[in-house]
Amino acid sequence: MHVAMIGTGYVGLVSGACFADFGHTVTCIDKDAGKIERLKAGGIPIYEPGLDLLVASNVKAGRLFFSTDAAEAVKDADAVFIAVGTPSRRGDGHADLSYVHAAAEEIAGLLDGFTVVVTKSTVPVGTGDEIEAIIKETRPDADVAVVSNPEFLREGAAIEDFKRPDRVVVGTQDERAKAVMRELYRPLYLNETPILFTSRRTSELIKYAANAFLAMKITFINEVADLCEAVGADVQQVARGIGLDGRIGGKFLNAGPGYGGSCFPKDTLALVRTARAAGSPVELIETTVKVNDARKKAMAAKVSRAVAGDLAGKTVGVLGLTFKPNTDDMRDAPALDIVPALQAQGAKVQAFDPEGHEAQTMLTGVDFKANPYDVAEGADVLVIITEWDQFRALDLDRIKLLMNKPVLVDLRNIYKPEDMQARGFLYTSVGRA
Ligand code: UDX
């Protein structure tokens, strides 16, 4: 099959490289000429484990191409994927569809023969209808089927998630389109991965419902963690105790500083807006958004409590700034709320993250250090915000010697309270005595 991937951001690049690896001929298209030049030269614009090798091997095999020009790739394509950004619109939280609409218009003029146009971008229910209308308006003669095929890729594990998904969701009732989509996902089909064919609107909603449910699950365990602290229980044992019940499931029950990232905050907000506009509000998700926002800010108070309620003039060392490990993504990272809240209480912040270089332009007044030990030096309290593996293997005796006072606030529960106590740390974590 020939695939044109419009938008070479996170989702487009990972999906394009994986489809090429499935044996299809893929052209990834982007308006950003600098990005395309860089990709052609073998450079990967994002940090995603394994992506560099996957791109290189498929380029070498002659299956993966990059271009700023959509014309040829769309003309030859069996399937054109729209994988452009859908950021939250400033002010109202609705998904901004201007890039999606622009892509639909551009594609329409270039289509040749039967083509499946697929939305990979996370788009509100009904967007497929809009795309179809735009295409039909521009090219009344176009022979297209507009299909929804949401992605469920976690940053840091995106290739694995693409190649070994729990399921693939395809929203279309067009038989020719179904055949094309089956062929595209053929290796998964052979693997007996469930491929769920639904209506387009149902598929669009599945994506939002999945992300909203996961965000709610995290928020639930975060509230239970606070309750554990109040009543003297252990949230990790509670999570295990409930997670072993197959109806609940053990995943996404790690308590922490609140969810962040490029999907959950944006998608929960968009679902809230869609639901309100449809006259059918999702109050659970509205509450989830509110509780999660408040939680990120409340983490500064937790740090303050660890130093007897006074952060003024104290040096706080922060380990980890990205919204989760194995990514360089800073979008809606809890650190972006926590660090300014610490500064507002008079703390001086020094920080390190292995990949979150963008933080340097997003946070002001922070002293960025080159490694965890420089962060510990002279700190009155050390806070772990993101659970990078390297923070699990710190030389704690060295850290203790470097710090002003051995106070550690572990917002990801990567250490055991009893171990830390034995090592002489004043240790606070989330939802554990
Ligand atoms: C998510 C979805 O998992 C993916 O299916 C979707 O397509 C895109 O959004 P991603 O944002 O990359 O993926 O990261 P994810 O691993 O889901 O984590 C999101 C946030 O939740 C992170 O801030 C993470 O730290 C937090 N989280 C996750 C928790 O606090 N506890 C958990 O148990 C799991």
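We did not get these values from a lab; they are worked out from the coordinates using the rules stated. All values reported here derive from a predicted model rather than from experimental measurement. Glycine gets a Cβ as well: all are built from the backbone with ideal geometry, and neighbour counts include every protein chain shown.
How large is the helix-only mean residue ellipticity at 222 nm for the chain, computed as the sum of -39500 (n - 2.57) over DSSP H runs with n ≥ 4, divided by its residue count, in deg cm²/dmol to the nearest 500?
Computed ellipticity for the chain at 222 nm equals -13500 deg cm²/dmol.
Which residue, Gly260, Gly320, Gly34, tops the fluctuation ranking in a GNM of the chain built on C-alpha contacts under 10 Å?
Per the Cα network of the chain with a 10 Å cutoff, Gly34 tops the list.
Lys136 label point, 7 Å along Cα→Cβ, cut-off 19 Å on backbone N: hits in segment 168-193?
Residues passing the 19 Å test: 171-178.
Residue separation times 0.36 nm, minus the C-alpha to C-alpha distance between Arg90 and Lys251: what's the value?
54.7 nm is the gain from fully extending Arg90 to Lys251.
Using Cβ counts within 10 Å as a stand-in for footprinting exposure, how do Cys228, Cys28, Cys263 rank, fewest first?
Numbers: Cys228 22, Cys28 28, Cys263 25.
Least to most surrounded, the residues fall as Cys228, Cys263, Cys28.
Select from Ala294, Leu244, Asn254 the residue farthest towards the positive end of the dipole of segment 234-302; place +1 on Cβ of Lys and Arg, -1 on Cβ of Asp and Glu, and compute about the Cα centre.
Result: Ala294.
Only Lys, Arg, Asp and Glu count, each charged at its Cβ (+1, +1, -1, -1), so figure out the dipole size of the chain about its Cα centre, rounded to 20 debye.
Roughly 900 debye, rounded to the nearest 20.
For Ala301 and Asp112 in the same chain, what is the full-extension length gain: residue separation times 0.36 nm, less their Cα-Cα distance, in nm?
Working it through step by step, the gained length comes to 62.1 nm.
Name the residue from Pro325, Gly93, Gly156 whose Cα lies farthest towards the positive end of the charge dipole of the chain, charges +1 on Cβ of Lys and Arg and -1 on Cβ of Asp and Glu.
Pro325
With just the Cα atoms defining each centre, how far is segment 54-111 from segment 404-433? Give it in Å.
Computed from Cα coordinates, the inter-centre distance equals 47 Å.
Report, in debye and to the nearest 20, how large the dipole of segment 109-158 comes out about its Cα centre when Lys and Arg carry +1 and Asp and Glu carry -1 on their Cβ. Walk me through the numbers before you get to the answer.
Values: 4 positive and 9 negative charges, 36 e Å.
My answer is approximately 180 debye.
Which value, in debye to the nearest 20, gives the size of the charge dipole of segment 190-248 about its Cα centre, when Lys and Arg are +1 and Asp and Glu are -1 at the Cβ?
Numbers: 6 positive and 7 negative charges, 82 e Å.
For this selection, approximately 400 debye.
Taking only Cα atoms and a 10 Å spring cutoff, compute GNM fluctuations for the chain and point out the largest among Ala335, Ala278, Ala142.
So, out of Ala335, Ala278, Ala142, the one fluctuating most is Ala278.
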